[in-house]
Amino acid sequence: MPNLILFDDDNWKSLKPLSFTRPVSLLRVGIQTIKEKWEDLFETEASFITQDYLAEKYPIKIDEDNLIINASLLPNEKLVGLIRQLDLKEALLLDDELLAARLDRKQFDQLISENDVDEFRGMNLSDVDVDVKLVINTHDIFSLNGEEIRNDFQRITRGRASQKINDTNTLLGAENIFVEEGAKIKCAILNATKGPIYIGKNAEIMEGAILRGPLAICDNAVVKMGAKIYGDTTIGPFSKVGGEVGNSVLLGYSNKGHDGYLGNSVLGEWCNLGADTNTSNLKNNYSEVKLWDYERNRFSKTGLQFCGLIMGDHSKCGINTMFNTGTVVGVSANIFGSGYPRNFVPSFAWGGHSGFTTYKVDKSIEVAKIVMKRRNVELDEQDQKILNHVYLSTAEYRSWEN
């Protein structure tokens, strides 16, 4: 098996603020991250080609025979078959976009140094009957999530037996429910007639929760009492969720622990939504939603009628926060107060509807250490360097500083 490397291309820019703090392949779409999907399929560990300031934490491993795959690319059976057939100096393209290539060390070194790569033979998948799905924009994460839950569920559970589910629960479509070892589920309603439900290791579904597939509750996640979780939703590892959630993805270690609505949204890691926080996912005039576009430095059309909140890592909001349709919140923002905050909240912003000041990076790092320590996770020096870089590189968006 060639050495597997997942590379970030220009899509990294349009996936901010989520990609500010991670390579693209660590985004979760479906049950697994993109990296985990490729690693499972090729039965090997992957490394990264990513931004320079992320490379210390997420390094490249180079070998004599390297299979590089676009980190935005979601796998499917036919696509994986084509990639497996690649020989050295062969590539798969979609028009002018590189999807995958098999390179020797010399070609790889040329690629990294941005020199002309020795000629290789390419197959353009525009001319081939194969489904190609790329995570290009942040809203693709929730838009593609239901389909990816189905794909991951089929692959992860194939040939395996689910743990027995307690008789206190009400199950619909029980054959489409898979429970991993250590999960606790009591007095809940699970409806998998419209799509599968996956419950990860040591997850907990508390009494009175109502779950509808396709749905993924990942390892060590908690669904609180009386929660209503609609389909096409992923609750990432170690996240806690209550209230009402639909077609949303929590990447991991984030909390929406109380009543309130979260719909058509993506939360990064270490986020917290205060009690009774609500997101609007539909405009009153039913028009197309626009989102802040970091690549174009303006709001851009999404093509979607339903789109809620995109929130970067370590951001938080106070109780009763109201997010307008199509709101983007950067990294380490702290939002509170009455009224609707603006539709684009820059990284390291502190405030709300009445205005913002700067959330100083040393203070935000101090809080992040406390938050992460509660889950027995350390904010190490590499993480701190990343947050410092994001703080400096996003200063242009904090207009009040100028």
(request) Starting at the first residue of the range 67-79, write each ³J(HN,Hα) from the Karplus equation 6.51 cos²θ - 1.76 cosθ + 1.60 with θ = phi - 60°, in whole Hz, x for Gly and Pro. (result) 9, 9, 10, 4, 5, 7, 7, 9, x, 9, 4, 5, 5
(message) Run the simple label-point estimate for Thr193 and Asn285 please: 7 Å along Cα→C-beta, distance reported in nm.
(response) 4.0 nm
(message) Under 17 Å between alpha carbons, and skipping anything fewer than 8 positions from Lys316 in its own chain: which aspartates and glutamates qualify?
(response) Asp259, Glu269, Asp276, Asp362, Glu366
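For the chain, what is the calculated [θ] at 222 nm in deg cm²/dmol (nearest 500), taking -39500 (n - 2.57) for each run of four or more DSSP H residues and dividing by its residue count?
Theoretical 222 nm ellipticity from helices: -5500 deg cm²/dmol.
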(request) Write out the GluC sites (Glu not before Pro) in the range 58-115 meeting two conditions: DSSP loop, and at most 12 other Cβ atoms within 10 Å of their Cβ. (result) Glu64, Glu114
(message) Please list 3J(HN,Hα) in residue order for the range 2-7, calculated via the Karplus relation 6.51 cos²θ - 1.76 cosθ + 1.60 where θ = phi - 60°; whole Hz, with x for glycine and proline.
(response) x, 5, 9, 10, 9, 10
(request) Please work out the FRET efficiency for the pair Glu90 and Ser338, using the Cβ-Cβ distance as r and a Förster radius of 51 Å; give the result to the nearest 0.05. (result) 0.30
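Going down the table (Lys35/Lys283; Lys57/Lys373; Lys61/Lys301; Lys35/Lys363), which pairs top 29 Å between alpha carbons?
Violating the 29 Å Cα-Cα cut-off are Lys35/Lys283; Lys61/Lys301; Lys35/Lys363.
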(request) Just need the relative contact order of the chain here, percent rounded to a whole number, with Cα pairs under 8 Å and 6+ apart. (result) 10 percent
(message) How are the alpha carbon pair distances in the range 228-358 distributed across 5 Å bins from zero to the largest one, expressed in percent?
(response) 3, 12, 22, 27, 21, 13, 3, 0
(request) Between beta-carbons, use under 9 Å as the cut-off and find the net charge around Asn202, counting Lys and Arg +1, Asp and Glu -1. (result) -2
(request) Would you please give the FRET efficiency between Lys373 and Asp127, computed as 1/(1 + (r/R0)^6) with r the Cβ-Cβ distance and R0 = 60 Å, to the nearest 0.05? (result) 0.65
(message) Past the 19 angstrom mark, what percentage of all C-alpha to C-alpha distances in the range 65-210 do you count?
(response) 64 percent
(message) Using Cα-Cα distances under 8 Å and only pairs 6 or more residues apart, what relative contact order does the range 1-130 have, in percent?
(response) 24 percent
(request) Mind jotting down the distance between the C-alpha centroids of the range 169-235 and the range 24-68, whole Å? (result) 29 Å
(message) Taking 37 °C and 0.692 mPa s as the conditions, I'd like the Stokes-Einstein D for the range 3-136 in µm²/s, using the Kirkwood hydrodynamic radius from alpha carbon pairs.
(response) 219 µm²/s
(request) Note down the nm distance, to one decimal, between modelled labels 7 Å out along Cα→Cβ at Glu119 and at Ser162. (result) 5.5 nm
(request) Run the numbers on the range 195-349 and let me know its relative contact order in percent, using alpha-carbon pairs under 8 Å that are six or more apart. (result) 14 percent
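Calculate, in whole percent, how much of the Cα-Cα pair population of the chain lies beyond 27 Å.
Tail fraction, whole percent: 51.
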(request) Would you mind calculating the gained length between Asp362 and Asn202 on full extension (0.36 nm times residue separation, minus the Cα-Cα distance), in nm to one decimal? (result) 54.2 nm
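Coordinate-derived values only; no laboratory data. Nothing here was measured: the structure is a model prediction, and the numbers come from that model. A quick note on method: Cβ atoms are made from the backbone with ideal geometry, for glycine too, and the neighbour counts reach across all protein chains shown.
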